[in-house]
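Engineer: For reference, the structure I am asking about is given below.
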Amino acid sequence: DIFKEETIEQLLKHFNVLLNNVINKNKKKLGLIPVLDAAEKQFLTTGLNNNYLEFDTQTTLVSWFEQQVQLTPDLPAVQFENNVLTYSELNQKANQLAHYLQSNGVKTESLVALCLERSLEMSIGIWGILKAGAAYVPIDPEYPADRIDFMLEDTQTQWVLCNSASKPKLPNTGSYNIIDLESDWSAIANQTTTNLNVKLSPSNLAYVIYTSGSTGKPKGAMKEHAGIVNRLKWAQDYFKLTQNDVVLQKTTFCFDVSVWELIWPVLVGAKIVFAKPEGQKDNDYLSEIIESAGVTMLHFVPSMLAAFLPDADAHQLSSLKKVLCSGEALKLSHVEAFKEKLPQTELHNLYGPTEAAIDVTCWTMPSGNEKIDRVPIGKPVSNTLIYILDDNQNLLPFGGI
């Protein structure tokens, strides 16, 4: 009455393996005795993790972006309200900033803090830092003063990019150089617009994002180009963004989901539309911008999705092709509500800690009327191995997950 027939058969199989191991290795602690036979262990270690994706392992975010700029120089890359930058314009402004940063002492693997609200300057700042060979450290201007102070001190950064709105949020004391992307832009604009000749390796740092600090002081997760390139190569292979796609950037850039929102679209010819600051909290505004900008992809934390769906007008959301969820457990009730409201839109559940390159697993909601009874975290992304272990580091049988 409780288990499916195949589950019962699997339990019997595991019990048989356990009994045989008890007989043959009776001096071993019970918790160390495996219950998997060779075939099942092979399936768990290599069968489920058979997800190799080949790509140029010398690719960095910068080389990938510059290649795309050559392909689509005149396409819109980023938009904030009525202001738009083409791929060529974004690249040129980022180059000017990168040259300026280098003239101010920024080198490969330098940590450069970025304290800004969502804006075109945020995109210019990120690419300018990366093109200078450095890694960006996002700092939310709305953070408490002591957290901002801690992050600046912990990174020992010598440079902070800001604008007139965020500049007052920075501590008055500090040995770092403040670069205001508004008041200092006239000096930045004197720099050349050409690409830099920086020897950037996939093993160089790309960003440092601080965790929430729920178990103590926040810690900075340091991610290299190789990890995020692999994650974004998988994403492009799996989701296939095109030049017709519009991605809404609404996640705080201190949350690792923002990395794919801010970087992936402009690596493949798509367009990023920035939601206004605090706009992610206004359901009516979100519906309006999805409709007016023709947004095709966006991200929701599951609890925010649950709050958004009840009053959402499906007609306003007709452009949506894909919704990605992560950050919390996606519940069955969320999936059911989504299918009812947006039956033609794909829903994807992703999972991964900040210490990984954003996500490590993905599950896609079945299309049509297929019945589901649970929402798993899915299968591993490309070139990523997932093992579920018990306290004794034994592989768990997949029937017990």
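Engineer: Of everything in region 238-293, what is surrounded by fewer than 15 Cβ atoms within 10 Å (Cβ to Cβ) and under 21 Å from GLN68 (Cβ atoms)? Give them in sequence order.
Structural biologist: The answer is TYR238, LYS240, THR242, GLN243, ASN244.
Engineer: Within region 106-135, count every residue that is of a type in the set (Ser, Thr, Tyr), farther than 13 Å from LEU181 by Cβ and out of contact with any Lys or Arg (no Cβ under 9 Å at 6 or more places or on another chain).
Structural biologist: Selection size over region 106-135: 1.
Engineer: Also, quick follow-up: Which numbered condition trips up GLU261, out of (1) of a type in the set (D, E, K, R); (2) in contact with a strand residue (DSSP E or B) (Cβ under 8 Å, 6 or more places away or on another chain); (3) not in a helix (DSSP H, G or I)?
Structural biologist: (3)
Engineer: Same structure, new question: Considering only region 3-20, state which residues are among the β-branched types (Val, Ile, Thr) and either surrounded by 15 or more Cβ atoms within 10 Å (Cβ to Cβ) or out of contact with any helix residue (DSSP H, G or I) (no Cβ under 6 Å at 6 or more places or on another chain) (or both).
Structural biologist: ILE8, VAL17
Engineer: Out of curiosity, is THR354 open to solvent by less than 50 Å² (accessible area, probe 1.4 Å), touching a residue at least 24 places away in the same chain (Cβ under 8 Å) and either out of contact with any strand residue (DSSP E or B) (no Cβ under 6 Å at 6 or more places or on another chain) or closer than 24 Å to LEU241 by Cα (or both)?
Structural biologist: yes
Engineer: Being at pLDDT below 85, under 28 Å from LEU385 (Cα atoms) and surrounded by 12 or more Cβ atoms within 10 Å (Cβ to Cβ) is the filter here, so list the residues in region 22-42 that pass it.
Structural biologist: LEU32, ILE33, PRO34
Engineer: If you don't mind, another one. So which pairs qualify, if the first residue must be in region 61-80 and free of Cβ contacts under 8 Å to residues at least 60 places away in the same chain, the second must be assigned to a helix (DSSP H, G or I), the Cβ gap must be under 6 Å, and the two must be at least 6 apart or on different chains?
Structural biologist: Pairs found: VAL69/TYR87; VAL69/ASN91; PRO73/TYR87; PRO73/SER88.
Engineer: Run down THR296, THR364, THR345 and say which single residue is at pLDDT 95 or above, β-branched (Val, Ile, Thr) and surrounded by fewer than 17 Cβ atoms within 10 Å (Cβ to Cβ). Don't jump to the end; show me each part of the working.
Structural biologist: Details: THR296 fails: surrounded by fewer than 17 Cβ atoms within 10 Å (Cβ to Cβ); THR345 fails: surrounded by fewer than 17 Cβ atoms within 10 Å (Cβ to Cβ).
One residue alone meets the criteria, THR364.
Engineer: Within region 320-328, can one find any residue that is under 21 Å from GLY368 (Cβ atoms), open to solvent by 10 Å² or more (accessible area, probe 1.4 Å) and either of a type in the set (Val, Ile, Thr) or touching a strand residue (DSSP E or B) at 6+ places or on another chain (Cβ under 6 Å) (or both)?
Structural biologist: Yes, that holds for at least one residue.
Engineer: Continuing with the same structure: Quick check on my filter: what residues within region 160-182 are surrounded by fewer than 18 Cβ atoms within 10 Å (Cβ to Cβ), assigned to a strand (DSSP E or B) and of a type in the set (A, V, I, L, M)?
Structural biologist: Scanning region 160-182 gives a single hit, ILE178.
Engineer: Same structure again: Would you mind telling me which numbered condition in (1) outside any helix (DSSP H, G or I); (2) of a type outside the set (Asp, Glu); (3) crowded, with 16+ Cβ neighbours inside 10 Å TRP127 fails?
Structural biologist: (1)
Engineer: Only one of (1) open to solvent by 60 Å² or more (accessible area, probe 1.4 Å); (2) out of contact with any Lys or Arg (no Cβ under 6 Å at 6 or more places or on another chain) is not met by ASP390, so which one is it?
Structural biologist: Here ASP390 meets the rest and fails (1).
Engineer: In region 183-233, what residues are open to solvent by 60 Å² or more (accessible area, probe 1.4 Å), within 17 Å of ILE129 (Cβ to Cβ) and either in contact with a Cys (Cβ under 9 Å, 6 or more places away or on another chain) or not in a loop (DSSP other than H, G, I, E, B) (or both)?
Structural biologist: If the condition is that a residue be open to solvent by 60 Å² or more (accessible area, probe 1.4 Å), within 17 Å of ILE129 (Cβ to Cβ) and either in contact with a Cys (Cβ under 9 Å, 6 or more places away or on another chain) or not in a loop (DSSP other than H, G, I, E, B) (or both), then MET222, GLU224 are the ones that fit.
The values are calculated or read from the model by the stated rules, or taken from the named source; none is laboratory data. Keep in mind it's a predicted model, so treat the numbers as computed, not measured. Here the Cβ is made from the backbone with ideal geometry for all residues, glycine too, and neighbour counts use every protein chain on show. Areas reflect the complete protein model, heavy atoms only, side chains present, ligands, DNA and RNA absent. Shrake-Rupley method; radii C 1.70, N 1.55, O 1.52, S 1.80 Å.
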